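Below you'll find the structure, written out as structure tokens, and then a few comments.
Derivation of every value follows stated rules applied to the coordinates shown; laboratory data play no part. Predicted model only: the values in this text are computed from it and were never measured. Ideal geometry is used to build each Cβ from the backbone, glycine not excepted, and the neighbour counts take in all protein chains shown.
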Amino acid sequence: MSNLQWPELIIFTILFALVTVLGFMASRWQRGSTLDHLDEWGLGGRKFGSWITWFLLGGDLYTAYTFVAVPALVFSAGALGLYALPYTIVVYPIVLLPALRMWSVSRVRGYVTPADFVRGRFGSPILALLVAITGIVATMPYIALQLVGLEAVLRTMGINGSGIVGHLPLLVAFVILAFYTYQSGLRAPALIAFVKDILIYIVILVAIIYLPSKLGGWSHIFDTAAKKLGTPSPATGKPAGSILLTANNQLQYATLALGSALALFLYPHSLTSVLASRGRSVIKRNMVALPAYSLVLGLLALLGYVAITAGVKPLTNAATGKADGNTIVPVLFDSQFSSWFAGIAFAAIGIGALVPAAIMSIAAANLWTRNIYKEYIRKNATPQEEAKQAKLASLVVKLGAVAVIILIDPQFSIDLQLIGGVLILQTLPAVALALYTRWFHRWGLIAGWVVGIGWGLIMLYGIPNPANGKQHFGGSALALGNMSIFGWHPFSGSQVQIYVGFVALIANLVVAAIVTVIARRMKIFNGTDDTNAEDYHADENDKDLRPIGVH
Amino acid sequence: MSTEKHDGKVRGLQFSPWNLLLIVPLLVLVTPLFNMDGPRLFGMPFFYWFQFLFVAIGVLSTWIVYMMTRDKPTVDAPDKLSVEDLDEGDAR
């Protein structure tokens with residue numbers, strides 16, 4: 001802990017203290033009659049307007065990890081890393097219509113989680129349980145990764161200790177976060193998101209205008225990056241990447257972007273922010289306005305090339321002894337900006353970790369409470385008991401994430417998050433398609449889920465990464481030639497890569513359809529549908545809407 | 001395709017041809033269209049600025065769909081787009 005960057009640390013600490021105060025004050029902001037209800041604690045009273053929803057969703061979807069990992073991927077692999085841009089371009093047009101239906105039916109029936117909807121739609125506690133578990137398992141490593149983003153910043157500021165001491169600042173930051181989330185619920189990240197997003201916009205705009213002019217212009221930056229990426233790496237003997245896509249990774253690029261887009265709003269935390277909005281018009285406006293963040297993310301991705309040109313070397317993590325690629329953006333800011341501005345940039349990333357971590361822990365807690373605790377452990381739980389249970393669960397979830405980062409190699413979380421994306425995509429038929437049709441049989445959906453998850457995991461397990469010598473879970477790009485259906489290789493010899501999640505989803509849909517047809521033939525009971533056709537069109541000003549937060 | 005019954009509530013699938021515009025942004029997934037270096041814009045290869053352009057195309061498509069498919073004349077007060085706007089939440 002020798003070379004502490006004091007000016008950066010002081011500015012970081014001041015801004016961090018500011019959001020801490022905001023977090024605790026949030027419990028009194030726009031307060032409903034009680035916080036002892038999931039509508040209030042878990043969904044902020046279901047009354048957020050357009051601006052708050054915009055900041056909340058922006059803070060939720062574009063996380064600190066995204067902000068460090070996307071440029072890091074561009075830094076190391078080139079054009080492939082830019083998939084984040086098409087991903088966030090296509091997601092809003094795709095999601096607009098289903099999100100409206102989900103909001104309406106949840107508003108009418110009082111659903112808080114995607115699994116609540118599945119439970120109501122198919123009357124199947126098993127299917128709902130599968131969806132809830134998938135959601136929790138996919139979200140947990142995502143929370144842990146926010147810590148990776150926060151830690152990258154802390155280490156760049158000189159807090160790069162080894163062992164438990166090195167993790168102490170992280171622990172303190174997360175304990176504070178855990179307490180104000182416990183107290184204020186979704187209102188805390190909603191309020192803090194304002195600070196986070198404004199800081200991020202300032203930092204990115206400055207970075208994207210100032211840095212290229214300082215480093216010789218975009219043309220020079222792209223040419224330097226092309227040259228550097230084209231140099232064969234010592235580990236594999238092949239070039240690390242290129243500034244354009246190759247014949248083999250174009251399909252991977254498109255399917256990864258599409259798969260990620262389809263997965264994004266299946267994550268429970270995205271849905272939490274959608275359900276917290278006041279009405280359909282709020283959601284529509286947001287689907288139009290959220291791409292402002294995509295623009296920022298795309299520009300941020302280019303910082304990977306800027307870092308190459310500036311000659312940035314990733315820091316070595318003193319706790320693991322390995323070079324941490326995620327530090328390249330913080331190191332770039334540290335070396336190119338004056339220390340006070342770097343402090344603001346670091347605070348932006350650091351606070352950027354808190355907002356999604358809070359929302360994700362709330363979403364996971366809601367899932368636990370509604371679909372496991374109330375369904376299986378305490379069937380007659382009152383709304384107060386639900387809220388109490390969810391608050392406790394949010395603490396457990398966050399402490400669990402810290403423990404995972406401190407006790408296990410962070411690489412473990414990164415692997416898990418990669419897996420999580422593939423897993424959550426497998427809930428698409430049960431959650432998203434079910435918004436439109438009840439054609440799929442509940443047993444078909446269960447069978448599809450099992451096959452999608454099982455095969456997805458098998459494929460991920462079999463992917464090595466020669467660049468860092470990992471044998472398994474080395475990435476999400478499957479060479480078509482290695483695809484095996486019970487030993488049959490339909491694309492034998494092909495080196496073209498595709499996103500594993502996408503392949504698993506297709507298998508999932510095929511199996512779900514086949515089992516559906518069989519189940520219908522055999523006239524197996526398909527559960528009772530609690531929802532009515534008009535539920536999917538309800539809006540905020542309808543008469544006789546269910547009151548919010550009433551016991 | 002909408003079916004309105006006497007209680008004025010909407011049921012069934014609401015389909016507007018305008019919704020088809022939402023397909024346009026998906027063109028950004030067809031990588032052979034833009035996977036090339038030139039022509040450059042401000043020194044940025046075509047691959048990059050084309051995709052940035054598509055952010056705008058995505059916004060435009062979604063916005064047109066939003067404007068064209070608004071349900072009935074909205075009866076509620078105009079959204080003032082302010083934090084204060086939320087205060088009325090309790091009164092509703």
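Normalised by 2.2 N^0.38 Å, where N is the number of residues, the alpha-carbon radius of gyration of segment A:123-279 equals 1.41.
Full extension of the segment from A:Phe525 to A:Ile377, taken as 0.36 nm per residue of separation minus the current Cα-Cα distance, would add 50.7 nm.
Could you list, in their original order, any pairs among A:Lys47/A:Lys388; A:Lys214/A:Lys238; A:Lys374/A:Lys543; A:Lys196/A:Lys313; A:Lys284/A:Lys543; A:Lys47/A:Lys391 whose Cα atoms are separated by more than 25 Å? Too far apart for the 25 Å limit: A:Lys214/A:Lys238; A:Lys374/A:Lys543; A:Lys196/A:Lys313. For segment A:272-361, with equal point scatterers placed on the C-alpha atoms only and solvent neglected, what are the log10 I(q)/I(0) values from the Debye formula at q = 0.17, 0.23, 0.24 1/Å, to two decimals? Scattering profile of segment A:272-361, log10 relative to I(0): -0.92, -1.24, -1.28. Residues whose amide H lies under 5 Å from that of A:Ser242, counting only those 5 or more places away or on a different chain, are A:Ala79, A:Leu80; hydrogens are built 1.01 Å from N in the peptide plane. Here the residues A:Ser394, A:Ser338, ranked from fewest to most Cβ neighbours within 10 Å of their Cβ, fall in the order A:Ser338, A:Ser394.
Derived from the Cα gyration tensor, the three semi-axes of the equivalent ellipsoid of segment A:342-489 are 31, 27, 14 Å, largest first.
Computed extension length for A:Ser219-A:Thr316: 31.9 nm, one decimal, from 0.36 nm per residue of separation with the Cα-Cα distance subtracted.
Modelled spin-label separation between A:Val21 and A:Ala292, with each label point placed 7 Å from Cα along the Cα-to-Cβ direction: 2.6 nm.
With θ taken as phi - 60° and the Karplus curve 6.51 cos²θ - 1.76 cosθ + 1.60 applied, the whole-hertz 3J(HN,Hα) list for segment A:141-158 is x, 5, 5, 4, 5, 4, 5, 4, x, 5, 5, 4, 5, 4, 5, 5, 7, x Hz, x standing for glycine and proline. Classify segment A:402-551 as rounded, prolate or oblate, taking a ≥ b ≥ c as the square roots of the eigenvalues of its Cα gyration tensor: rounded when a/c is under 1.5, otherwise prolate if a/b is larger than b/c and oblate if not. In terms of gyration-tensor shape, oblate. 3J(HN,Hα) along segment A:169-174, derived from phi through the Karplus expression 6.51 cos²θ - 1.76 cosθ + 1.60 where θ = phi - 60°, amounts to x, 4, 4, 4, 4, 6 Hz, with x in place of Gly and Pro. What the Cβ-Cβ distance of A:Arg31 and A:Leu399 gives, at R0 = 25 Å and to the nearest 0.05, is a FRET efficiency of 0.40.
Rg/Rh for segment A:1-125 stands at 1.07; both radii use Cα atoms, and Rh follows the Kirkwood definition.
Taking the square roots of five times each eigenvalue of the Cα gyration tensor of segment A:71-215, the equivalent ellipsoid has semi-axes of 34, 24, 17 Å, listed largest first.
Only Cα pairs under 8 Å and 6+ residues apart enter the sum, and on that basis the relative contact order of chain A stands at 30 percent.
Here the calculated FRET efficiency for B:Ile57 and A:Glu385, from their Cβ-Cβ distance with R0 = 60 Å, stands at 0.75, rounded to the nearest 0.05. Just so you know, the averaged projected area of the alpha carbon convex hull for chain A sits at 24.4 nm². Each residue of segment A:378-392 was assigned a 3J(HN,Hα) from its phi angle through the Karplus curve 6.51 cos²θ - 1.76 cosθ + 1.60 (θ = phi - 60°); the sequence is 9, 4, 9, 4, 7, x, 4, 5, 4, 4, 4, 4, 5, 4, 4 Hz, with glycine and proline shown as x.
Considering only A:Gly123, A:Val165, A:Ile133, the residue lying farthest towards the positive end of the dipole of segment A:84-176 is A:Gly123, judged by Cα position with unit charges set on Cβ.
Residue order for A:Phe117, A:Phe491, fewest other beta carbons within 10 angstrom first, comes to A:Phe491, A:Phe117.
What fraction of the DSSP beta bridges in the protein assembly as shown is antiparallel, stated in percent and rounded to the nearest 5?
85
Annotation for A:Val165 and B:Val24: the two label points, set 7 Å from Cα along the Cα-Cβ direction, are 6.0 nm apart. Here is the list for segment A:367-443: trypsin sites (Lys or Arg not before Pro) lying in DSSP coil, each with at most 12 other C-beta atoms within 10 angstrom of its C-beta, are A:Lys379. With a simple spin-label model that places each label point 7 Å from the Cα along the Cα-to-Cβ direction, the separation between A:Lys543 and A:Ser339 comes to 6.8 nm. Peptide A:37-48 is shielded by partner chain Cβ atoms: per residue, an average of 1 of them sit within 10 Å of its Cβ. With the convex hull drawn around the C-alpha atoms of segment A:196-298, the volume per residue stands at 172 Å³.
For a quick protection proxy, order the peptides A:307-317, A:14-24, A:149-159 by their average other-Cβ count within 10 Å, most packed first.
Top of the packing list down: A:149-159, A:307-317, A:14-24.
Per residue, the Cα convex hull of segment A:311-353 amounts to 74 Å³.
Identify the trypsin sites (Lys or Arg not before Pro) of segment A:483-551 meeting these criteria: DSSP loop state and at most 10 other C-beta atoms within 10 Å of the C-beta.
A:Lys523, A:Lys543
Among A:Ile377, A:Ile518, A:Ile463, A:Ile221, the ranking by other beta carbons within 10 Å of each residue's beta carbon, starting with the fewest, stands as A:Ile377, A:Ile518, A:Ile463, A:Ile221.
First measure r as the distance between the Cβ atoms of A:Val510 and A:Tyr461, then evaluate 1/(1 + (r/R0)^6) with R0 = 30 Å and state the FRET efficiency to the nearest 0.05.
That gives a FRET efficiency of 0.90.
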